[in-house]
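Student: The following block contains the structure, expressed as structure tokens.
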Amino acid sequence: MSRRRRKKKKTTSLWPRLIAITSACVILLLFGGYQWIRSYLKSDDFRLFLSQRIGEELNTDANFAPFSWNGLSVKSPTFTASEGAIEADTIQAEFRLSGIKRGVWEIPLIRIESLSIHGLPSAREENSPSSDPTGFIARFIPQKAEFKDIVVPDLNIEINETS
């Protein structure tokens, strides 16, 4: 009698596949998150958010001209606040994404070519409601900023005292 040999099925572990699929998913999520943060930084929503936050700190209306981006470096030709009482020309800043995990925008250097302050901004009579982003994704967007150095080569301050 002849006996047939039965082929044994190779048993492979699922762990290598599971690790490879999980690693690929993590890499895709990290890359997608990075791209999402970059697109948010380059959006008009971010420029308006930044203008509003600075306006709240100065207790006045503030506005940045549209941003131009090169990687994570940003440049704005002008900034005005308090209807021209504060004017800044050629603002440059560089962002670091490392602060996002701590809930802050990390900005190691801001360079303002020219800054003019004419008088002191007067207090606003009413505060505008804060437009904090809401929703699942919004809780991952930092609401604070950390600055290390601010360089202003040309500074002009005029304070008019009235009696």
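The values are calculated or read from the model by the stated rules, or taken from the named source; none is laboratory data. Only a predicted model underlies this, so the values are computations on that prediction, with no experimental measurement involved. Note that each Cβ is placed from the backbone with ideal geometry, even for glycine, and that neighbours are counted across all protein chains shown. Side chains included, ligands, DNA and RNA excluded: accessible areas come from the protein's heavy atoms. Shrake-Rupley method; radii C 1.70, N 1.55, O 1.52, S 1.80 Å.
Student: What pairs come up if the first residue lies in the stretch 45-58 and is without any contact (Cβ under 8 Å) to a residue 40 or more places away in the chain, the second is of a type outside the set (Val, Ile, Thr) and assigned to a helix (DSSP H, G or I), and their beta carbons are under 8 Å apart, counting only those six or more places apart or on different chains?
Tutor: Matching pairs, first to second residue: PHE46/TYR40.
Student: Let me ask another. Out of SER13, SER68, SER51, which single residue is out of contact with any Pro (no Cβ under 8 Å at 6 or more places or on another chain), open to solvent by 40 Å² or more (accessible area, probe 1.4 Å) and at pLDDT 85 or above?
Tutor: Of SER13, SER68, SER51, the one residue that is out of contact with any Pro (no Cβ under 8 Å at 6 or more places or on another chain), open to solvent by 40 Å² or more (accessible area, probe 1.4 Å) and at pLDDT 85 or above is SER68.
Student: Another question, if that's okay. (1) surrounded by 16 or more Cβ atoms within 10 Å (Cβ to Cβ); (2) within 22 Å of LEU30 (Cβ to Cβ); (3) modelled with pLDDT of 85 or more: which one isn't true of PHE95, the others all being true?
Tutor: Unmet condition: (3).
Student: Is it the case that TYR40 is surrounded by fewer than 14 Cβ atoms within 10 Å (Cβ to Cβ), over 22 Å from LYS148 (Cα atoms) and touching a residue at least 24 places away in the same chain (Cβ under 8 Å)? Let's see the steps before the verdict.
Tutor: On the way: surrounded by fewer than 14 Cβ atoms within 10 Å (Cβ to Cβ): no; over 22 Å from LYS148 (Cα atoms): yes; touching a residue at least 24 places away in the same chain (Cβ under 8 Å): yes.
When the stated conditions are applied, TYR40 does not pass them.
Student: Look at THR60 and say whether it is surrounded by 10 or more Cβ atoms within 10 Å (Cβ to Cβ), over 22 Å from ILE100 (Cβ atoms) and modelled with pLDDT under 90.
Tutor: Details: surrounded by 10 or more Cβ atoms within 10 Å (Cβ to Cβ): yes; over 22 Å from ILE100 (Cβ atoms): yes; modelled with pLDDT under 90: yes.
Yes; evaluated as a whole, the condition is true for this residue.
Student: Run PHE140 past the list (1) hydrophobic (A, V, I, L, M, F, W, C); (2) modelled with pLDDT of 85 or more; (3) closer than 19 Å to LEU48 by Cβ and report the number of the one that doesn't hold.
Tutor: (2)
Student: Take the stretch 111-125 and flag every residue that is at pLDDT 85 or above and crowded, with 17+ Cβ neighbours inside 10 Å.
Tutor: Hits for the stretch 111-125 are ILE112, LEU115, ILE117.
Student: Hey, another quick one. Which condition does LEU28 not pass, out of (1) over 17 Å from PHE147 (Cβ atoms); (2) at pLDDT 85 or above; (3) touching a Lys or Arg at 6+ places or on another chain (Cβ under 7 Å), if it passes all the others?
Tutor: With respect to (1) over 17 Å from PHE147 (Cβ atoms); (2) at pLDDT 85 or above; (3) touching a Lys or Arg at 6+ places or on another chain (Cβ under 7 Å), LEU28 is out only on (3).
Student: Name the one entry in ALA93, ALA81, ALA85 that is more than 15 Å from PHE140 (Cβ to Cβ), of a type outside the set (Asp, Glu) and touching a Gly at 6+ places or on another chain (Cβ under 6 Å). Before the answer, list the steps.
Tutor: Working: ALA93 fails: touching a Gly at 6+ places or on another chain (Cβ under 6 Å); ALA81 fails: touching a Gly at 6+ places or on another chain (Cβ under 6 Å).
Only one candidate passes the filter, namely ALA85.
Student: Please go through the stretch 40-71 and pick out each residue that is over 15 Å from THR90 (Cα atoms) and touching a Lys or Arg at 6+ places or on another chain (Cβ under 7 Å).
Tutor: ASN59, THR60
Student: Any idea which of SER39, SER76 is of a type outside the set (Asp, Glu) and modelled with pLDDT under 90?
Tutor: On the way: SER76 fails: modelled with pLDDT under 90.
That would be SER39, the only listed residue that is of a type outside the set (Asp, Glu) and modelled with pLDDT under 90.
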